[in-house]
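*Asks:* Dumping the structure here so I can ask a few things about it.
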Amino acid sequence: QVQLVESGGGLVQAGGSLRLSCAASGRTFSNYAMGWFRQAPGKERESVAAISASGGTKYYADSVNGRFTISRDNAKNTVYLQMNSLKPEDTAVYFCARSSYNTATLAQYRYDYWGQGTQVTVAS
């Protein structure tokens, strides 16, 4: 059983930065791609960023490209999301997830394990 635990959310002013972390249990973390997703109140969950198992390939949603950076440390079983130039529309619960594959993808159906989420609130 894989457990994913997100941390690092909080309240920040527009234009500010936050760094989310997602710690994964298990010894096979480095075999799988990881992703970050978010869900705002009253909206469907959307993909934010994805990273391949090796960390060599990264994908971003158009809405965050150039502002957010996904990274991973396979030695620490942790994936990160650095969020800069935050906007009020970035307010959401952010989830990390583990893919069933080693290649990066923003397709949510490719992810089989999900964390409980961490709240990010950006004040205007």
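The values are calculated or read from the model by the stated rules, or taken from the named source; none is laboratory data. Values in this document were obtained by computation on a predicted structure and should not be read as measured data. Cβ placement follows ideal geometry from the backbone for every residue including glycine, while neighbour counts extend to all protein chains displayed. These area figures cover heavy atoms from the full protein model, side chains too; ligands, DNA and RNA do not enter into them. Shrake-Rupley method; radii C 1.70, N 1.55, O 1.52, S 1.80 Å.
*Asks:* In region 1-80, what GluC sites (Glu not before Pro) fall in a loop by DSSP, with at most 13 other Cβ atoms inside 10 Å? Kindly include the intermediate steps, with their values, before the conclusion.
*Replies:* Details: sites: Glu6, Glu44, Glu46; in loops: Glu44.
Answer in residue order: Glu44.
*Asks:* In whole percent, and with a 1.4 Å probe on the protein chains, what portion of the accessible area of the chain is carbon and sulfur?
*Replies:* On the way: 2780 of 6190 Å².
Looking at the chain in its full context, I get 45 percent from C and S.
*Asks:* Here's something else I'd like to know. If all Cα-Cα distances of region 1-55 are sorted into 5 Å bins from 0 onward, what percent lands in each bin, rounded to whole numbers?
*Replies:* Answer for region 1-55: a P(r) of 4, 13, 19, 26, 20, 10, 6, 1 percent.
*Asks:* Tell me, what is the per residue accessible area of region 13-74 in Å², probe radius 1.4 Å? Walk me through the intermediate numbers first.
*Replies:* On the way: 3140 Å² over 62 residues.
On a per-residue basis, region 13-74 sits at 51 Å².
*Asks:* Of all trypsin sites (Lys or Arg not before Pro) in region 29-124, which ones are in loop regions per DSSP and have a Cβ with at most 14 other Cβ atoms within 10 Å? Please report the intermediate quantities before stating the final value.
*Replies:* Numbers: sites: Arg38, Lys43, Arg45, Lys58, Arg67, Arg72, Lys76, Arg98, Arg110; in loops: Lys43, Arg45, Arg67, Lys76.
For trypsin sites (Lys or Arg not before Pro) across region 29-124 that sit outside H, G, I, E and B with at most 14 neighbouring Cβ atoms in 10 Å, the list reads Lys43, Lys76.
*Asks:* Next question. Sticking to Cα atoms, compute the Rg of region 58-124 to one decimal and its Dmax as the biggest Cα-Cα distance, whole number, in Å.
*Replies:* 12.8, 38
*Asks:* Could you work out which residue, out of Thr91, Thr28, Thr57, moves most in a Gaussian network model of the chain, that is, has the largest mean-square fluctuation with Cα springs under 10 Å?
*Replies:* Thr28
*Asks:* Take the Cα radius of gyration of the chain and divide it by 2.2 N^0.38 Å, with N its residue count; two decimals is plenty. Show your work: numbers first, answer last.
*Replies:* Numbers: Rg = 13.3 Å, N = 124, 2.2 N^0.38 = 13.7 Å.
Ratio of Cα Rg to 2.2 N^0.38 Å: 0.97.
*Asks:* Quote to one decimal, in nm, the extra length available between Arg45 and Ala23 on full extension: 0.36 nm per residue of separation minus the C-alpha distance between them. Intermediate values should be presented prior to the final figure.
*Replies:* On the way: separation 22, 0.36 × 22 = 7.92 nm, distance 2.08 nm.
Result: 5.8 nm gained on full extension.
*Asks:* Residues in region 61-87 near a label at Thr103, defined as backbone nitrogen under 19 Å from the 7 Å Cα→Cβ point?
*Replies:* Backbone N within reach: 61.
*Asks:* Can you give the charge dipole size of the chain about its Cα centre, rounded to the nearest 20 debye, using +1 on the beta carbon of Lys and Arg and -1 on the beta carbon of Asp and Glu?
*Replies:* Details: 12 positive and 8 negative charges, 47 e Å.
Computed charge dipole of the chain: roughly 220 debye.
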